[in-house]
Every structure is written in structure tokens, then in C-alpha cells.
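The values are calculated or read from the model by the stated rules, or taken from the named source; none is laboratory data. Being a predicted model, the structure only gives us computed values, none of them experimental. Every residue, glycine as well, gets a Cβ built from its backbone with ideal geometry; the counts of neighbours run over all protein chains shown. All accessible areas refer to the heavy atoms of the entire protein, side chains included, with ligands and DNA or RNA removed. Shrake-Rupley method; radii C 1.70, N 1.55, O 1.52, S 1.80 Å.
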Amino acid sequence: MPWKTADIPDLTGRRALVTGVTGGLGVNAAIELARHGASLVVTARDAKKADEALDHIESEAPGSNIDVISLDLANLADVKRAADEVSAAYEHLDILVNNAGIMFPPKPSKTVDGYELQMGTNHLGHFAFTAHLWPLLVRSKARIVSVSSNMHKAASGVDLRTFTPEGSPRRYKRTQAYAESKVSNLLFAMELDRRVKAAGIDVVSVGAHPGYASTNITKTGPSVGGKSLQAMGMHQVSKVIAQSAAAGAWPLLMAATDPSLTGGEYVGPSGPGGWRGRPKLVGMSRTARDAELANALWAASERAAGVEFTV
């Protein structure tokens, strides 16, 4: 039988943290987790948008228990501050959904720390956030969901020079940079799974992707620095083929809650091309399964983020 939100078990007594709730996937995932009893911690950069998302979640899941944490994934000092705040505030964190991201900024853009914006936000910020939360996650026997994309298949590798102070010397290509950030999400998820299993740690690491969902990321990213033809084009395509943001959140929710998943799985839509449909276990690219590359990415990410992520 196809997975549906009714399959989410009772989450009463469990705490879930979802990054990036001002966009469609994050807020819809948060709503369903709250409806099934989870206490929520949600993160956002913009306080006003966070308040709007909080009001929306509470209207859809009355009586929900929600805390908001400010988090800018493009600022590694702020990532540590937010993780320290979470670790000090809560005795357990059972589900971590690393969802927030940016897509296709038309001009080369950097994080506060000088790294390419898509890689720095989508992968490096979440890598550092998870590393800083690691003692809490281990103690909680947590499940960690890394949100990737169908676009990860467009990456034939990862340019590790992206993680050096001087950066990659190659010409900036927005789609290539995005694809590499998304395959990095999967490389991280799979390497974390390998490491926790080797160490005998009771933590589950899985990946998920939403297919083609109608969310703000297809408009806000390409519009960074001003409107672009790509932003307008993607908006028109979304009207025709995209599924709803609520449906796009289904793979994230299955990955976060399905008790049959033991780590190392990848969940995405079941329809043609993986663009839409009910969630199921799906395949990933050969690059995403490259254990040698994953290990090198882990080391490069530790150096870039200034963290020691020992599992």
C-alpha cells in the first residue's frame, strides 16, 4: 500500500526539529509532525516570517507545542549559537529534519564565512549544525533526515576546492553549484549512516527529496539580486507540473517517521521521473553512493566549518 500521512505513528513525547519553516516543505512537514503529537522546534532566519509560519502551523494543528529558534545557516557562528541554544534547552531531540536551503542564485554569492552560498547553506551549514547537536542526538537515539533533490543526479562529483578559503577557481554555474550541494546532502547522509553503524550507535540517518514541489525555493533563490528569466520560467513550469508543497513534504515525513527505515535509505516520490506522487524508497546516483568521496567531503566539511565531527 502506498505510504500516506495516516501511517505516521503517534509522536507524543517526541521532539522534532525542522530547519527552514518559512517555505512550503518545512511548514507542511512541521504541521503533520505536530498533528501526530510531536513537540516542535522550528528554525528560520527572518523573525517576521517565522511568526507567520508559527501562526499557520498552530491554525492547522491546534494545541501544538512549538518553539522557534533563529538560525542563519550561511553564518557558521550563528549555526553554533543556535545549536548551543537547542542543546541547552532540551533534554532530548528525537527527529532532526535538515530541510532549509537556497536554489539557483543567479550571481555568485558567498556566505558570511566566504563559501559559495548554495554549498554553504544547503550542506555546510547543516553539517555544522548536526555536528554541534551530536551529543544531544546520540543521547536521544535520534533520526536525522537530510533533504536532497532529484538535481543531485546532475552532479558527477564535488569540487572540494569549494571548501577552501580561496574557493574554486572555476566559473560559477548556478545549476552545477546547486547539484553539488544536493549530492553533498546525500553523501553526508550515507556517510553518517556508515559511521553510526560501524560505531554501533543507535542513530538513524536517511535521505529524502520532494520531487518537483511548488515552494518558495523555486522563486526566491533565482531572484536573489533581482528578478531573473530563470525565476519566471521556473514559476511557469511549476504551475504545470509541480505537486503541492504538502505532497512534496510526504517523502520528508516518511523518512522522519517510518519505523521500518533503519538508515541509509533514500525516500522520494513514486511517480515517473520521481517528480511527484506518493513516497517510496528510491535510488540515488553513483556519485551519491561513493564512499571515498563521502569521506573526503566529511573531512573537507570539518575543516571548513571548524568542527570536529567524531562519530
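Between Ser109, Leu136, Val203, whose Cα lies farthest towards the positive end of the dipole of segment 80-211 when Lys and Arg beta carbons carry +1 and Asp and Glu beta carbons carry -1, centred on the Cα centre? So the residue furthest toward the plus end is Ser109. Asp10 label point, 7 Å along Cα→Cβ, cut-off 16 Å on backbone N: hits in segment 33-63? Output list for this probe position: 34-39. Remark: spin-label model distance Ala88-Asp202 equals 2.9 nm, labels positioned 7 Å along the Cα→Cβ axis. A Gaussian network model of the chain, with springs between Cα atoms under 10 Å, assigns the largest mean-square fluctuation among Asn185, Asn65, Asn150 to Asn65.
Summing charges over all other residues whose Cβ lies under 9 Å from the Cβ of Ala294, with Lys and Arg as +1 and Asp and Glu as -1, gives -1.
Farthest toward the positive end of the dipole of the chain, out of Asn150, Asn75, Ala44, is the Cα of Asn150, where the dipole comes from beta carbon charges about the Cα centre.
Report the trypsin sites (Lys or Arg not before Pro) located in segment 1-105 that are in a DSSP loop and have at most 10 other Cβ atoms inside 10 Å of their Cβ, or state none. Loop-located and lightly packed - none at all.
Charged neighbours of Val307, selected by a Cβ distance under 13 Å, balance to -2 (K, R count +1; D, E count -1).
Here the chain is described by how far its Cα atoms reach on the three principal axes: 50, 46, 39 Å, from widest to narrowest.
Net charge in the neighbourhood of Leu186 (other residues with Cβ under 12 Å of its Cβ; Lys, Arg +1, Asp, Glu -1) is -1.
The helix-only estimate of mean residue ellipticity at 222 nm for the chain, built from DSSP H runs of length n ≥ 4 each weighted as -39500 (n - 2.57), is -12500 deg cm²/dmol after division by the residue total.
Of all beta bridges that DSSP places with both ends in segment 1-137, some 5 percent have antiparallel geometry.
Counting Lys and Arg as +1 and Asp and Glu as -1, each charge on the Cβ, what is the dipole of the chain about the Cα centre in debye, to the nearest 20?
The dipole of the chain has a size of about 1120 debye.
Once the 1.4 Å probe is applied to the protein heavy atoms, the chain comes out at 42 Å² accessible per residue. The apolar share of the surface of segment 86-199, taken as the fraction of accessible area on carbon and sulfur atoms (1.4 Å probe, ligands and nucleic acids excluded), comes to 52 percent. In the chain, taking the dipole from charged Cβ atoms about the Cα centre, the farthest positive-side position among Gly283, Tyr266, Leu186 is held by Gly283.
Got the relative contact order for the chain handy, in percent, Cα pairs under 8 Å and 6 or more residues apart?
20
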